[in-house]
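The values are calculated or read from the model by the stated rules, or taken from the named source; none is laboratory data. Worth saying up front: this structure is predicted, and the values here are computed from it rather than measured. Cβ sites come from the backbone with ideal geometry, for glycine too, and all protein chains shown count toward neighbours.
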């Protein structure tokens, strides 16, 4: 199976010379990564990786990037945090159709992780699972699997930035 995913990193700006990055990544096994430079100190690695499952594909890439770029900090694994347009493209429907689904099913449609005046953002996995539950949408299982792993990576990353709390009680209060 081929998995297409993105890993976004923050790193010291002096370490962001593109040719040097590509050489270090290739030496660590990330020859399948396409490098895109963003804001100063931001690097986006686009992968197209063959594996039996999404988890080893992503975890292998994370290990290899850590080896190649030890000073880099993961910002986000994608696809995960998406707007309705992104979901519509994955599922093969129009954005208007996605908006209609969201508005006509306010109690069952997944809650966004961010709700703003201009746009809202969801975990792709949450919306895909909801759509699978409706039974009328054909969603590639590889995409659901990939969204599961990227959501897990992002949540683990975020949890690592938090002080230890009474986790069980917190989960009960917010669920």
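For this structure, a couple of remarks:
- Condition check for residue 147: assigned to a helix (DSSP H, G or I), at pLDDT 95 or above and either outside the structural domain of residue 6 (by TED's automatic domain parsing) or surrounded by fewer than 17 Cβ atoms within 10 Å (Cβ to Cβ) (or both): yes
- Single unsatisfied condition, residue 133 versus (1) surrounded by 14 or more Cβ atoms within 10 Å (Cβ to Cβ); (2) part of a helix (DSSP H, G or I); (3) out of contact with any helix residue (DSSP H, G or I) (no Cβ under 7 Å at 6 or more places or on another chain): (1)
- Taking region 36-56 as the range and being more than 16 Å from residue 77 (Cβ to Cβ) and at pLDDT below 90 as the test, the residues that pass are 37, 39, 40, 41.
- Among the residues of region 82-120, the one identified as touching a helix residue (DSSP H, G or I) at 6+ places or on another chain (Cβ under 7 Å) and either farther than 22 Å from residue 134 by Cβ or in a strand (DSSP E or B) (or both) is 82.
- Going through (1) within 19 Å of residue 78 (Cβ to Cβ); (2) free of Cβ contacts under 8 Å to residues at least 40 places away in the same chain one by one, residue 146 falls short only on (2).
- Checked against (1) surrounded by fewer than 16 Cβ atoms within 10 Å (Cβ to Cβ); (2) without any contact (Cβ under 8 Å) to a residue 12 or more places away in the chain; (3) within 17 Å of the chain's Cα centre (by Cα), residue 39 meets all criteria but (3).
- Selection count, region 1-31, where residues are touching a helix residue (DSSP H, G or I) at 6+ places or on another chain (Cβ under 8 Å), part of a loop (DSSP other than H, G, I, E, B) and within 15 Å of residue 62 (Cα to Cα): 4
- Note on region 4-29: residues that are closer than 21 Å to residue 157 by Cα and in contact with a strand residue (DSSP E or B) (Cβ under 9 Å, 6 or more places away or on another chain) amount to 8.
- Scanning region 51-81 for residues that are in a loop (DSSP other than H, G, I, E, B) and touching a strand residue (DSSP E or B) at 6+ places or on another chain (Cβ under 8 Å), we see that the one that is surrounded by the fewest Cβ atoms within 10 Å (Cβ to Cβ) is 51.
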